[in-house]
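The values are calculated or read from the model by the stated rules, or taken from the named source; none is laboratory data. These numbers were taken from a predicted model, which means no experiment stands behind them. Cβ: placed from backbone, ideal geometry, glycine included. Neighbour counts: every protein chain shown. Surface accessibility is based on the protein's heavy atoms, side chains included, excluding ligands, DNA and RNA. Shrake-Rupley method; radii C 1.70, N 1.55, O 1.52, S 1.80 Å.
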Amino acid sequence: MSGILILTAVELEARVLARRLELPPITVLPFPAFGRGLLRVAPVGLRAGLLGARWPRLLAGFNDPLVVSGGVCGGLAPDLSAGDLVLPESVLGPSGERLNVTPTPHRQATLLAGSARGGTLVTSREVVATAEAKAALFASSGAMAVDMESAIILAHAAAAGCPTLVVRGVSDAASESVPLELIDLITPAGKLRPVRALALTVTRPHLLPRALALRQATRRALTAVARVLAGLAASSRP
């Protein structure tokens with residue numbers, strides 16, 4: 001393994017992880033990215049829609065790095081709480097395909113985490129926003145959590161011959177719904193729509209407590225993710 005490449009969905013995730021890992025911006029890249037040495041963090045958009053375009057530049061200087069799908073996920077298992085750490089052994093893709101992470105880095109991450117859930121994560125093409133939708137997906141898939149990128153990231157990395165890992169933190173529990181108005185604040189490229197966010201505080205003030213709670217849960221989840229990634233980075237140094 002030569003280096004660690006951490007791929008998130010949205011820019012907020014990448015920026016929070018970069019701050020926790022004390023990584024400066026990589027200014028030579030034409031998109032948001034952060035790194036030092038052989039440790040890099042970058043967003044690849046919702047559904048990893050920008051992964052193909054950004055991959056060649058992100059991989060420059062690496063030799064088969066560990067590719068980590070990092071960030072947040074939605075809880076499906078009823079006993080998962082916001083902020084819990086998820087380290088799946090495998091990911092179910094949108095078409096039902098199963099992709100396994102690389103065993104050695106998974107074992108290392110599990111030891112570093114101390115407390116984390118293993119099992120299966122499922123990648124969905126669409127946002128699973130309501131408690132009812134989460135319960136249905138849990139019943140049909142048996143997966144403990146859901147995201148929209150991990151299967152795509154793992155498949156892309158495996159095709160390039162890179163080892164893989166998923167490190168995700170739960171931002172919303174199975175019993176919690178995420179209002180569509182909050183979901184729509186993020187562009188497909190993973191950026192916040194600030195004008196729309198400001199407008200919501202006026203037109204939908206009742207959403208503010210839920211937005212603040214979700215923000216706090218997201219930061220707790222990302223702090224747990226960053227702790228594991230920092231340990232992996234430290235162990236990979238010569």
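For the reader, a short list of remarks on this structure follows.
- Residues in region 1-21 that are assigned to a loop (DSSP other than H, G, I, E, B) and either modelled with pLDDT of 95 or more or open to solvent by less than 40 Å² (accessible area, probe 1.4 Å) (or both): GLY3, ALA9, VAL10, LEU21.
- Annotation note: Cβ proximity below 6 Å between a residue of region 103-118 that is under 15 Å from ALA233 (Cβ atoms) and a residue that is assigned to a helix (DSSP H, G or I) (sequence gap 6+ or interchain) occurs for ALA109/VAL228; LEU112/VAL228; LEU112/GLY231; ALA113/VAL228.
- Subset tally (residues that are among the hydroxyl-bearing types (Ser, Thr, Tyr) and either within 15 Å of the chain's Cα centre (by Cα) or at positive phi (or both)) for region 130-182: 3
- Those strands (runs of 3 or more DSSP E) lying entirely in region 32-87 with at least 1 residues in contact (Cβ under 8 Å) with a residue 60 or more places away in the chain and buried (at least 20 other Cβ atoms within 10 Å of the Cβ): 39-43, 66-75
- Matching residues in region 113-132 - criterion: being open to solvent by 40 Å² or more (accessible area, probe 1.4 Å) and assigned to a helix (DSSP H, G or I): GLU132
- The residues listed here are ALA116, ALA135, ALA109; of these, the one that is over 24 Å from VAL228 (Cβ atoms) and not acidic (Asp, Glu) is ALA135.
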